[in-house]
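Working notes, beginning with the structure itself.
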Amino acid sequence: MTTTPNAQALPNDQMLTIEQRLALTREAMVQLRVKQPKGIRRPPGPSRRRVASAILTGRVTSLAFMGELCSIKPISFARVGPENLYALSDPELVWEVFAKLDGTTRRSMALQATRPILGNGILTSEEPEHKRNRSLVQPAFSPRRIATYGDQMVAATQRLSSQWRDRVRTGDTGILVSEQMSDLTLDIVGRTLFGADLTGDAVEISEALTAVLGRFSRMLSPAGVVLLRFPTPTRRRLIESVERLDAVVARLIAQKQAQLLAGEDPTDMLAVLIQARDPESGQGLSVNELRDEVMTLVLAGHETTANALSWTWLELSRHREIRRWVEEEWDTVGQDRSLGIDDVGQLHRTRAVVAESMRLNPPAWIISRRLREDISLDGYNIPKGSTLLASQYYMQRDPRYWTDASSFTPSRWLNDDGEFDEKAPGQPRAAWFPFGFASRKCIGDRFALAEAVLALATLGRDWEVVASAPRDVIPVPAVTLRPGNGIPARIRPRIGH
Ligand code: HEM
């Protein structure tokens, strides 16, 4: 994929309206409905009564219900409303479906439900658009680009650190860790996407996005999309908030386009996206496609990393001896200067702490695919239209593949030379998949890891985050795995820092 030094005029299309996106969402959902043959042999699973009771009590989307499905190994079945769900708990089966059969599967119903906001960005789109647009977005995540984002990640974290200093000076030491980490990662994704010079707009977009997500997280479900057919006040508010967000994004795209046409050389992701061209057709992303990709990056990149960081602070608060072990590294690497992207490769213990935290508390806790064709798996014929699930949460805690599976042991990620190595725990492939697989693997994985490591080390050098009741925090599975109460905590300056 190439980028031209200056943007040509963007293909002249209009952004779709939210009403149009809602109609397309319903269409995409209808397409996923496939009548299944009767009387086929299904794997074992919870009884119909248990499933019915889980639906009635709202437990069907809980970790416990998924745990019940995953406890029946290697494959289990449950019919939940119109959905035929198969849960896979064996790494080889997960590999078979999510990596090898990549091209035979489609996005799940749950992901389709995010279309009113995300449109047809690379998280939701299907082939061939997905492949084309992913290769246009990819240059924004090249190692060279990520190196330039590193400075922004550290600068944003230092701004948070100085806000904490101001708070502590006034005697205010109480924070909600999730809230602080969410503000930080939104700041980082906003600035790396749109550029540091757009401070005011970054704030505006963050406010508009918070309004959309805060009010409508429950609408981001297949049932929510059905409810949006009715002219309720909720529907009207959703439409108004998304329209506001769309207007901000449209303005940012137009401004960036103008900067490029004026010969400036901005280095943010949006500038890269605008300039990316398909090598065969010479075509770039249209305004509507840019809008969808921008929304997708903000949404996919913000809460996931915030959760990874929040869970990590919690684990360090629960395990003081590990906190001291990683502090030794923070007091050595780049001690007298700001950290930068080149330090990430030296911060082995920090990387191990982040990996171990994501093993036990994976921000993306479940992934699913819809079958486009019939397949045969573990002796079962699984008809097209079925949904196949794999849970990072259960696989990454499975004692068959992890020694001391439930203990927080970052050192398992270090090799004999004390260096971070993803293979060091000796787990089989597909027993560890925090970022998914194959053509749908997270495009922001290196971005997220650099961000988590730099933010943790930059803050951890100067601050201790002490969770008020670390044992009381329970995982809440929403779109991502959130710490239930947001982790109330106290911040304490580290002695001598
Ligand atoms: C710790 C943080 C993160 C975690 C755990 C995570 C996890 C994941 C997972 C599991 C998938 C695959 C979903 C599936 O197969 O259905 C995914 C996809 C994706 N992620 Fe991330 N992610 C993180 C951070 C980010 C960041 C920082 C960005 C962008 C700035 C990002 C952008 C995306 C996009 C665009 C996709 C869709 C890729 C495609 O389908 O081609 N993610 N992520």
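Among (1) of a type outside the set (Lys, Arg); (2) more than 9 Å from the ligand (Cβ to nearest atom); (3) under 22 Å from residue 410 (Cα atoms); (4) part of a loop (DSSP other than H, G, I, E, B), there is one condition residue 434 misses while meeting the rest; what is its number?
Going through (1) of a type outside the set (Lys, Arg); (2) more than 9 Å from the ligand (Cβ to nearest atom); (3) under 22 Å from residue 410 (Cα atoms); (4) part of a loop (DSSP other than H, G, I, E, B) one by one, residue 434 breaks only (2).
Grab the helices (runs of 4 or more DSSP H) fully contained in the range 146-258, keeping just those with 3 or more residues being within 26 Å of residue 450 (Cβ to Cβ), β-branched (Val, Ile, Thr) and modelled with pLDDT of 90 or more.
177-194
Can you tell me which residue among 140, 147, 113 is near the ligand (Cβ under 10 Å from one of its atoms), touching a residue at least 40 places away in the same chain (Cβ under 8 Å) and of a type in the set (A, V, I, L, M)?
So the residue among 140, 147, 113 that is near the ligand (Cβ under 10 Å from one of its atoms), touching a residue at least 40 places away in the same chain (Cβ under 8 Å) and of a type in the set (A, V, I, L, M) is 140.
Assess whether residue 412 counts as being of a type in the set (Lys, Arg), surrounded by 17 or more Cβ atoms within 10 Å (Cβ to Cβ) and under 20 Å from the mean Cα position of the chain (by Cα).
No: the conditions fail for residue 412.
Go through the residues of the range 113-123 one by one and say whether even a single one is farther than 28 Å from residue 209 by Cβ and either crowded, with 17+ Cβ neighbours inside 10 Å or not polar (S, T, N, Q) (or both).
no
What about residue 402, is it part of a loop (DSSP other than H, G, I, E, B) and within 28 Å of residue 125 (Cβ to Cβ)?
Answer is no for this residue.
Table: residues versus (1) within 16 Å of the ligand (Cβ to nearest atom); (2) in contact with a helix residue (DSSP H, G or I) (Cβ under 8 Å, 6 or more places away or on another chain).
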| position | (1), (2) |
| --- | --- |
| 292 | yes, yes |
| 319 | no, no |
| 327 | no, yes |
| 338 | no, yes |
| 349 | no, yes |
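Given the structure, is residue 387 in contact (Cβ under 8 Å) with a residue 12 or more places away in the chain, within 16 Å of the ligand (Cβ to nearest atom), in contact with an Asp or Glu (Cβ under 8 Å, 6 or more places away or on another chain) and over 23 Å from residue 310 (Cα atoms)?
Yes: the conditions hold for residue 387.
So, in the range 70-110, of the ones that are assigned to a loop (DSSP other than H, G, I, E, B) and within 16 Å of the ligand (Cβ to nearest atom), which residue ends up farthest from the chain's Cα centre (by Cα)?
101
Looking only at the range 447-488, how many residues end up being in a helix (DSSP H, G or I) and near the ligand (Cβ under 9 Å from one of its atoms)?
5
So, in the range 255-283, of the ones that are under 14 Å from residue 138 (Cα atoms) and touching a Pro at 6+ places or on another chain (Cβ under 7 Å), which residue ends up surrounded by the most Cβ atoms within 10 Å (Cβ to Cβ)?
Checking each candidate, the answer is 276.
Within the range 338-359, which residues are under 20 Å from the mean Cα position of the chain (by Cα) and surrounded by fewer than 21 Cβ atoms within 10 Å (Cβ to Cβ)?
Result: no residue meets the conditions.
From 400, 429, grab the single residue that is among the basic types (Lys, Arg), surrounded by fewer than 20 Cβ atoms within 10 Å (Cβ to Cβ) and within 16 Å of the ligand (Cβ to nearest atom).
Unique residue meeting the criteria: 429.
Go through the range 26-69 residue by residue and tally those that are part of a helix (DSSP H, G or I), of a type in the set (D, E, K, R) and exposed (fewer than 13 other Cβ atoms within 10 Å of the Cβ).
Adding up the residues that qualify gives 3.
So which residues in the range 121-139 are part of a loop (DSSP other than H, G, I, E, B) and over 17 Å from residue 372 (Cα atoms)?
Residues satisfying the conditions are 121, 122, 123.
Just the residues that are buried (at least 21 other Cβ atoms within 10 Å of the Cβ) and touching an Asp or Glu at 6+ places or on another chain (Cβ under 9 Å), please, taken from the range 244-254.
Passing the criteria: only 252.
The values are calculated or read from the model by the stated rules, or taken from the named source; none is laboratory data. Predicted model, so just to flag it, every value in this text is computed and none were measured. Every residue, glycine among them, receives a Cβ derived from its backbone with ideal geometry; neighbour counts consider all protein chains shown.
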